[in-house]
Structures are given as structure tokens and as C-alpha cells.
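Working notes, structure below.
The values are calculated or read from the model by the stated rules, or taken from the named source; none is laboratory data. Remember, predicted model here, so these are calculated numbers, not experimental data. Cβ coordinates were reconstructed from backbone atoms using ideal geometry, including for glycine residues, and neighbour counts include every protein chain displayed. Ligands, DNA and RNA are stripped out before the accessible areas are found, and what is left, the full protein with its side chains, is counted by its heavy atoms. Shrake-Rupley method; radii C 1.70, N 1.55, O 1.52, S 1.80 Å.
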Amino acid sequence: MKTRIFTSALLIAISSFAFCGDTAESMLAKIKAMKTPPIDQKRMEDKAYIEEYKKQIFSVNQERGKLIFEFYKAYPENEQTEKLMNQRWAMMLGYDDPIPKPRLEAAIADTKDVVASNPPPKIKQGAKYWQTYFMLSQLGSEPSKASGVIDGFTKEYPADPRGAQLLQRLADMTPGDEAKIEVYNRIAKDYKDSIPGKYAPGIVRRMKGMGQPFDLAFTDAITGKPVSIKDLKGKVVLIDFWATWCGPCVGEMPHMKKLYAD
């Protein structure tokens, strides 16, 4: 406990005095020097330890966020500022589930204050993205309201690929396959070059294929014999995708053999 109190006091002192008269380079060095504590891999199953570790990370991130904000105020046009401010917003909510309401409200207020301060365009765009992201967390399971909030960002910044991430969150909170498919189709159409946009068509195919006949035919690589799922009608068929370079896949092989035997 004494160590933790000392660490917290030290971080507060850093945030209060570290940047007095500093250059951009020295400020960036101090921000970079603030690192999260290493996790003890041997205690990963210790729930009390993990909860305490999450609190420590949140505390360090909060103090690092203060340093970043001081850097932003001193050097809003610096080439590192946009990236750092986005990191700061990404760290704001912490790791609690559910997110405490005051923390969420404070994060939303922070982004609104930055937008209102007439920042550089890229900083403003980042603030509006995170404001939308935080508001989605606040809405929880209200997809109709969430859709309107997302539209506010995507209409103002249609080329920002993060719009796909917001829509992906909308799909997650939307009930009903048809409604989900509509959202994924929008991702595929409006953000086809983004990572979610590349996955969206496959997700739609998978959702539409549920309950439908499945056609598969190939030549067995070992025996050379043709294999068709049509010939297996009436039997239990398990299709497992794996690779020899995939450690977890190889690790599952004994379980797959047992399942086959059963």
C-alpha cells in the first residue's frame, strides 16, 4: 500500500511541475517515459491481483493523459499531438465493466470541451470520433438512437475509416439478423477498403447461410479420393479450419481426435 501511495503522489507531482518551460522534445520524452507496470504472468488467475493491476494501469494512464493534454495546449500543431490525443481518449474509460457513469460523462464532456476550443482540424476530428464512441457506450442497447449519433460523425467525415468501427459497434448492439445484415452491408459499401469493410461481406454470407444447405466437395489431400458433403447426408459433419503454423490449432488436435472417436 505504501508503495502505491508513493507512486500516485509521484505521478501527480510529475503532472503538476514536469512541463514548466519544457521544449516539445523534452515533454514528449517525459510522456514516453510513463509506462504501465509489467503484469505478473504467474498471477493471471488471481482475480484480486488482476483487479488491482487494472486500477494501477488506469491510474498511470490518467496521469499520462494529463501530460498529453498539457502538451496539446503547448504544442497543438506538433506532428505528434494528434496521435497522442487519440491515445489519451482511448485510455479514458479504463477496463471496468460496466463503465462507471461519472467516468463516461467526464469523457464525453472532455471531447466536447476540446471541440468547442477551436482546435486544429485533425484534433477536432479525433475529438468528434471519440465523442461518438463514448456516446455509444452511454446509449448501451438503444440502436435507434445510436444510429443517429453515428450518422452525425459519418456525414461530417465520410472518408474517416473509423466510421466502420462505429458501425460495427452498432451491429453488435442491434437485435435481429436482418437489421444486423443491413448494417454490415452499409459497412461493406461505404468502407470497403477498411478492415471491417473487408470482413463485412463474409459476415453477411455467414448470417444468410445459417440454416441453409451447405455444399462442399474436394479431393482428399492424403488419399486422393473425392469427398462430397452430399455423400455424408444423415451423419454428423464437423468442419474444422486449421493450419500447421497455428499453435492453438495444433494444440487442439488431441481434442479433435477424441471428438472424432466419440
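I need every pair where a residue in region 67-89 that is more than 15 Å from ASP22 (Cα to Cα) and acidic (Asp, Glu) has its Cβ under 7 Å from the Cβ of a residue that is outside any helix (DSSP H, G or I) and open to solvent by less than 50 Å² (accessible area, probe 1.4 Å), sequence separation at least 6 or different chains.
Pairs found: GLU77/PRO120.
Got a number for residues in region 193-222 being exposed (fewer than 13 other Cβ atoms within 10 Å of the Cβ) and either touching a residue at least 60 places away in the same chain (Cβ under 8 Å) or assigned to a loop (DSSP other than H, G, I, E, B) (or both)?
Of the residues in that region, 11 qualify.
ASP97 versus (1) open to solvent by 40 Å² or more (accessible area, probe 1.4 Å); (2) within 23 Å of GLY65 (Cα to Cα); (3) part of a helix (DSSP H, G or I): which is the lone unmet condition?
All conditions pass for ASP97, except number (3).
Quick one: what pairs do we get from region 98-114, first residue under 10 Å from GLN138 (Cα atoms), second of a type in the set (S, T, N, Q), C-beta under 8 Å, 6+ apart or different chains?
Going by the 8 Å Cβ cut-off, the qualifying pairs are ILE99/SER137; LEU104/SER137; LEU104/GLN138; GLU105/GLN138; ILE108/GLN131; ILE108/GLN138.
Among all residue pairs at least 6 apart or on different chains, which show Cβ distances below 6 Å where the first residue, located in region 238-262, is assigned to a helix (DSSP H, G or I) and the second is of a type in the set (A, V, I, L, M, F, W, C) and surrounded by fewer than 10 Cβ atoms within 10 Å (Cβ to Cβ)?
Final answer for the pair search is CYS249/ALA243.
State all residues of region 138-170 that are in contact with a Pro (Cβ under 7 Å, 6 or more places away or on another chain) and either of a type in the set (Gly, Ala, Ser) or over 18 Å from GLU182 (Cα atoms) (or both); if no residue qualifies, say none.
ALA164
Does ALA48 meet the test of being open to solvent by 60 Å² or more (accessible area, probe 1.4 Å), assigned to a helix (DSSP H, G or I) and among the hydrophobic types (A, V, I, L, M, F, W, C)?
Yes: the conditions hold for ALA48.
Does region 144-164 contain at least one residue that is β-branched (Val, Ile, Thr), farther than 21 Å from ILE203 by Cβ and open to solvent by less than 40 Å² (accessible area, probe 1.4 Å)?
Checking region 144-164: at least one residue is β-branched (Val, Ile, Thr), farther than 21 Å from ILE203 by Cβ and open to solvent by less than 40 Å² (accessible area, probe 1.4 Å).
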